[in-house]
Amino acid sequence: MDLEHFYRFCYLETGGWIPAFPPTQTLQLGDFCQINQAKLRPLGNILNFDLVEEVLVSDSLPLDKDDWKIKSGVRQLFCATELVTGEGGSCSEWTKQLLEFEQQGSFLFYGLEPYCQMLLNWSQIQDDVTLKLTQRDYAFREVYVITALAKMDNWGFASANQPTAELEVLAQTKRREWYELISHETCRIEQSKGIDNIARENELPAYFFKAKRLVISDQKREQFLRDIVLEQALMTPQALSNWLREDLTNRFDATEINLANGLSFFDWVDTNLDDVAKLC
């Protein structure tokens, strides 16, 4: 199952939101996590820390519904609504549609009533969080903290594993908006071809997140680069090239980091497409 296109497209089209996968993976605002085997793995939550400053969390904030009509390489081949007579003479309207997914990795996602919560004072608490995660309570050198979390109910997702894949769905509604059809509570999959992932849920929310990633500070990065340049006479060209590409946290001497100087070693950056790639 190739989800890289979905992850990248979602990040770029929604202003930096990254999908959880599976979409119903339960995440909490303030979770600190690592990425292992292409999965985001929560290990604890900073809201449980005894921080000097109180952590400020926003109320639920509505998101623009149109931002969550996310598709790539999908088109509607057929759509029709008909009146169906049930038992006792009751009538209901059902809409059927046929969708074509043009390429491997083409996808469709839609979720109703998206909303989010955010940490509001990260700049005030980040130093305290840094010390607790890297020295006081833990010794992380690679960790993420979820600083914003989006949720939505009544969502649907489908992706293709081959060109010209097809998905036929049926729902009890007269609406012909095909984004809404796949997430409708009565939606049924009539048939599919070349679709490797179909997920629908009307009770458990889908999660998307933004996070801060722990990185080496600019001050220490520059110091390590200066050290590497000074050592180049003792290195082969290949070794020098490898060090310049290497994660410079590997040059940390654990004995030289303490509570007095620890903040000079670390900084935080927003998640980006490099982090998206790790989840794929």
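Here are the numbers for this structure:
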quantity: Residue among Thr26, Thr95, Thr85 that is of a type in the set (Val, Ile, Thr), in the same structural domain as Ile198 (by TED's automatic domain parsing) and surrounded by 15 or more Cβ atoms within 10 Å (Cβ to Cβ); calculated: Thr95
quantity: Filtered residues of segment 4-62 (kept if touching a helix residue (DSSP H, G or I) at 6+ places or on another chain (Cβ under 9 Å), in a helix (DSSP H, G or I) and of a type outside the set (A, V, I, L, M, F, W, C)); calculated: Glu4, Tyr7, Arg8, Tyr11, Glu13
quantity: Selection from segment 60-100 of residues that are among the acidic types (Asp, Glu) and farther than 18 Å from Trp155 by Cα; calculated: Glu82, Glu87, Glu93, Glu100
quantity: Residue tally, condition modelled with pLDDT of 95 or more, out of contact with any Leu (no Cβ under 6 Å at 6 or more places or on another chain) and surrounded by 18 or more Cβ atoms within 10 Å (Cβ to Cβ), over segment 108-123; calculated: 1
quantity: Condition check for Leu131: assigned by TED's automatic domain parsing to the domain that holds Leu204, modelled with pLDDT of 90 or more and touching a helix residue (DSSP H, G or I) at 6+ places or on another chain (Cβ under 7 Å); calculated: yes
quantity: 3 or more residues surrounded by 15 or more Cβ atoms within 10 Å (Cβ to Cβ), among the aliphatic types (A, V, I, L, M) and more than 23 Å from the chain's Cα centre (by Cα): qualifying strands (runs of 3 or more DSSP E) within segment 130-209; calculated: 165-171
quantity: Residue list for segment 239-262, restricted to those being at pLDDT 75 or above and surrounded by 15 or more Cβ atoms within 10 Å (Cβ to Cβ); calculated: Ile257, Gly262
quantity: Single residue of segment 183-203 satisfying the filter (of a type in the set (A, V, I, L, M) and over 12 Å from Lys96 (Cβ atoms)) that is modelled with the highest pLDDT; calculated: Ile195
quantity: Residue identified as more than 30 Å from Lys193 (Cα to Cα), among the aliphatic types (A, V, I, L, M) and modelled with pLDDT under 95 among Ala171, Ala139; calculated: Ala139
quantity: Every residue from segment 225-280 that is assigned to a loop (DSSP other than H, G, I, E, B) and among the charged types (D, E, K, R); calculated: Glu246, Asp247, Asp253
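The values are calculated or read from the model by the stated rules, or taken from the named source; none is laboratory data. Keep in mind the model is a prediction, meaning the values are calculated, not measured. Reconstructed Cβ throughout: ideal geometry from the backbone, glycine too, with neighbour counts over all protein chains shown.
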